[in-house]
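Enquirer: Dropping the structure in here first, questions after.
The values are calculated or read from the model by the stated rules, or taken from the named source; none is laboratory data. These numbers were taken from a predicted model, which means no experiment stands behind them. Cβ: placed from backbone, ideal geometry, glycine included. Neighbour counts: every protein chain shown.
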Amino acid sequence: MRYILVKEFRSFLNSLIAYMVMAVFLTAMGLLTWVFPDTSVLNYGFADMGTLFSLAPYVFIFLIPAITMRSFAEEKKSGTLELLLTKPLSDWDIVLGKFFACFFLVVIAILPTLIYYFSIRQLGNPIGNIDTSGVMGSYIGLLLLSAIFCSIGLLASSSTPNQIVAFILAAFLCFIIFTGFHSLSSLPVLASVAVGVKQLGILHHYETLSKGLIDSRDVIYFISVTALLLLFTKTILSARTW
Amino acid sequence: MSIVIQNLSKVYGAQRALSNISFSVEAGEIVGFLGPNGAGKSTTFKITTGFLPPTEGTATVAGFNVADQAMEVKKVIGYLPEHNPLYLDMFVHEYLQFVGGLYGMKGQRLKNKVGEMVERCGLTREQNKKIETLSKGYRQRVGLAQALLHDPKVLILDEPTSGLDPNQLVEIRKLIKEVSENKTVIFSTHIMQEVEALCDRVVIINKGEIVANDRLSHLLAGKRKAAFAVEFEGEVSMEELKQLVGIDTVERVKAGTYKIEGKEGVDIRAELFRFAADKQLSLVGLKQEQQNLESIFQELTKQPVEA
């Protein structure tokens, strides 16, 4: 698994993808948090990082599928998947190696936003008047959310040799699982099961974590959805043997 | 026995790619695997390397069953897939080290091995380049180096020489010959001279069925009817030609040129010459047609296999 991870990560660095992802994510978040008056912390008047955490998932809906779209699709198209699958590697080695490479790239893109936390902390009145536990919970939520998005991206990429199809499919699925269930639950028809439907989506669990409440149920939700999606990916990869 | 294929069948949807083929390759042998495009060569290799499962039958490599000991099989095999897939954005050394890592080699040992492979495969001049900048011949060498890196006991090469220029062909062939000492090698190709130059034995496959599996010398010896392309100045009566002693078949190729096949073990050249002298014909050409692997291949794979 380690060799696949290193190889994937290197190819991100070699192919500009890594720099693009970080540049786009940080520019977008920087503008939204500090510059655009509608969402800027400076105009808002509260020492709060809500803007970052409520808007970052929407940026990730596009960015993460862009990272993951090539992972299997390209290997399928160029035939290198045959090379990998005839080396002494298990299917899990390949899936997890690729997953962690994508996930680490996202983590590295998120890391610089920690500076926002310290800046906003300084801007508080009195200094340090910020909901630290809420911020920590939100970071954990954001990381877990990107893990789900990465696994969705891998699943989409493993199901087609076409990168564009993989991207669109992944972005769509990310959107559905992030807010789709939440919006669906407000349909009058589903009123009786609204809570259940809402809990299927990420948003419900993400909001709980944002309040600084690290509930094991939410963490288990994120981890199990990620694991399930990776299992699907692995199953698709092994489906050649059916 | 190094590779044993038993009653192997593969069905893709409605298409039957392999039907019940069996053959084996002894340890240390070099076997050529021939067949027209779409005959099932690559499918056989894909099953043997554990990339695809067979629909029926078993494949064993070095005593390990491909179906349930896939990991062991993958460790003993060096495989060059068809079209030689490579990570084009990697450097030669980087790529070879990545592959070596997958086989559990590391540190100085890996570096030394990669260096040795680069040298052996004639990549020294191009070793610091990205793979995407290499020409086809050099890419093929990288593919071979990748397959040979972990010193596999069994080497499976799917069309290792396709698309190379004549010089590269000779070099790659020489390389295969060199590295094949103490290894079991099976490779597919469309180039008959290659098989004649390298192989102990040939397996010919057509439409998913094995049509020949024999030592090269036997296969060639079995076809020892001498055939001649005979050219006269002007037309000659076919009937008269057929009357001659020792002549089996006569076929008119074009005006004045005939393909004449003698009966087994009979040299018909003298007879033909006397015939020409008697009839006062000018015999302007007499060329023996080599019964080589190419013609055997064509003969075996031309007709549809009977159902």
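Enquirer: Here are some residues: A:A171, A:A166. Which one is surrounded by 24 or more Cβ atoms within 10 Å (Cβ to Cβ) and part of a helix (DSSP H, G or I)?
Expert: Going through A:A171, A:A166 in turn, the sole match is A:A166.
Enquirer: Just checking, how many residues over region B:176-194 are at pLDDT below 85 and either aliphatic (A, V, I, L, M) or more than 18 Å from B:R120 (Cβ to Cβ) (or both)?
Expert: Here the count works out to 6.
Enquirer: Would you say A:S157 is within 16 Å of the chain's Cα centre (by Cα), assigned to a helix (DSSP H, G or I) and surrounded by 19 or more Cβ atoms within 10 Å (Cβ to Cβ)?
Expert: Working: within 16 Å of the chain's Cα centre (by Cα): yes; assigned to a helix (DSSP H, G or I): yes; surrounded by 19 or more Cβ atoms within 10 Å (Cβ to Cβ): yes.
So A:S157 fits the description; yes.
Enquirer: Here is a further query. Quick one: which strands (runs of 3 or more DSSP E) sit completely within region B:192-260 and have at least 3 residues that are within 16 Å of the chain's Cα centre (by Cα)?
Expert: Ranges flagged: B:201-206, B:209-215.
Enquirer: Please tell me if B:E132 is in a helix (DSSP H, G or I), more than 26 Å from the chain's Cα centre (by Cα), farther than 26 Å from A:S15 by Cα and more than 9 Å from every other protein chain (Cβ to nearest Cβ).
Expert: Considered against the rule, which asks whether it is in a helix (DSSP H, G or I), more than 26 Å from the chain's Cα centre (by Cα), farther than 26 Å from A:S15 by Cα and more than 9 Å from every other protein chain (Cβ to nearest Cβ), B:E132 comes out as no.
Enquirer: Looking only at region B:184-212, count how many residues are surrounded by fewer than 19 Cβ atoms within 10 Å (Cβ to Cβ) and closer than 21 Å to B:L148 by Cα.
Expert: So the count comes out to 2.
Enquirer: I'd like the full set of residues that are within 14 Å of chain B (Cβ to nearest Cβ), touching a residue at least 60 places away in the same chain (Cβ under 8 Å) and either closer than 30 Å to A:M49 by Cβ or not in a helix (DSSP H, G or I) (or both), limited to region A:89-113.
Expert: Answer for region A:89-113, where residues must be within 14 Å of chain B (Cβ to nearest Cβ), touching a residue at least 60 places away in the same chain (Cβ under 8 Å) and either closer than 30 Å to A:M49 by Cβ or not in a helix (DSSP H, G or I) (or both): A:L89, A:A101.
Enquirer: Let me ask something additional. The conditions are (1) touching a residue at least 12 places away in the same chain (Cβ under 8 Å); (2) away from chain B (no Cβ under 14 Å), and A:P126 fails exactly one of them. Which is it?
Expert: (1)
Enquirer: All but one of (1) at pLDDT 90 or above; (2) of a type in the set (S, T, N, Q); (3) over 21 Å from A:Y139 (Cβ atoms) hold for A:T27, so report the exception by its number.
Expert: Going through the list (1) at pLDDT 90 or above; (2) of a type in the set (S, T, N, Q); (3) over 21 Å from A:Y139 (Cβ atoms), A:T27 breaks only (3).
Enquirer: Let me ask something else about it. Of A:T113, A:T132, which residue is closer than 17 Å to A:S210 by Cα, of a type in the set (V, I, T) and surrounded by fewer than 19 Cβ atoms within 10 Å (Cβ to Cβ)?
Expert: Working: A:T113 fails: surrounded by fewer than 19 Cβ atoms within 10 Å (Cβ to Cβ).
After ruling out the rest, the residue left standing is A:T132.
Enquirer: Can you list residue pairs whose Cβ atoms sit under 7 Å apart, with the first residue in region B:95-107 being more than 7 Å from every other protein chain (Cβ to nearest Cβ) and the second being surrounded by fewer than 21 Cβ atoms within 10 Å (Cβ to Cβ) and part of a helix (DSSP H, G or I)? Count only pairs 6 or more apart in sequence or on different chains.
Expert: From residues that are more than 7 Å from every other protein chain (Cβ to nearest Cβ), the pairs are B:Y95/B:I131; B:Q97/B:L110; B:G100/B:L110; B:G100/B:K113; B:M105/B:K113.
Enquirer: Restricted to region B:1-15, and to residues that are in a loop (DSSP other than H, G, I, E, B) and in contact with a strand residue (DSSP E or B) (Cβ under 7 Å, 6 or more places away or on another chain), which residue is modelled with the highest pLDDT?
Expert: Ranking the candidates gives B:S2 first.
Enquirer: Moving to a separate point now. Would a scan of region A:79-88 turn up a residue that is surrounded by fewer than 19 Cβ atoms within 10 Å (Cβ to Cβ) and touching a residue at least 12 places away in the same chain (Cβ under 8 Å)?
Expert: Checking region A:79-88: not a single residue is surrounded by fewer than 19 Cβ atoms within 10 Å (Cβ to Cβ) and touching a residue at least 12 places away in the same chain (Cβ under 8 Å).
Enquirer: Considering each residue of region A:170-219, count those that are more than 16 Å from A:S146 (Cα to Cα) and out of contact with any Asp or Glu (no Cβ under 8 Å at 6 or more places or on another chain), and give that number.
Expert: The number of residues fulfilling the criteria is 27.
Enquirer: If you scan region B:35-92, which residues turn out to be more than 8 Å from every other protein chain (Cβ to nearest Cβ), in a loop (DSSP other than H, G, I, E, B), crowded, with 19+ Cβ neighbours inside 10 Å and under 20 Å from the mean Cα position of the chain (by Cα)?
Expert: Residues satisfying the conditions are B:G35, B:A39, B:G40, B:N84.
Enquirer: Let me ask something additional. Take the conditions under 28 Å from B:E72 (Cα atoms), hydroxyl-bearing (S, T, Y) and surrounded by 22 or more Cβ atoms within 10 Å (Cβ to Cβ) and apply them to A:S71. Does it pass?
Expert: When the stated conditions are applied, A:S71 passes them.
Enquirer: Moving to a separate point now. Within region A:7-59, track down each residue that is touching a residue at least 40 places away in the same chain (Cβ under 8 Å) and within 14 Å of chain B (Cβ to nearest Cβ).
Expert: Scanning region A:7-59 gives A:K7, A:E8, A:F9, A:F12, A:I17, A:A18.
Enquirer: Same structure again: Of the residues that make up region B:176-183, is at least one within 15 Å of the chain's Cα centre (by Cα) and under 29 Å from B:Q15 (Cβ atoms)?
Expert: no
Enquirer: For residues that are modelled with pLDDT under 80 and part of a loop (DSSP other than H, G, I, E, B), tally how many sit in region B:269-291.
Expert: 2
Enquirer: Kindly provide the set of residues from region A:202-242 that are within 14 Å of another protein chain (Cβ to nearest Cβ) and part of a loop (DSSP other than H, G, I, E, B), ordered by number.
Expert: Keep residues of region A:202-242 that are within 14 Å of another protein chain (Cβ to nearest Cβ), which gives A:237-242.
Within region A:202-242, A:W242 is the sole residue that qualifies.
Enquirer: Identify the single condition in (1) surrounded by fewer than 17 Cβ atoms within 10 Å (Cβ to Cβ); (2) among the polar types (S, T, N, Q); (3) closer than 18 Å to A:F60 by Cβ that A:S192 does not satisfy, given that it satisfies every other one.
Expert: It is condition (3) that A:S192 fails.
Enquirer: Cβ contacts < 6 Å: first residue more than 23 Å from B:N292 (Cβ to Cβ), restricted to region B:170-198; second residue assigned to a helix (DSSP H, G or I) and at pLDDT 85 or above, any location; separation 6+ or different chain. Result?
Expert: Pairs found: B:V179/B:L148.
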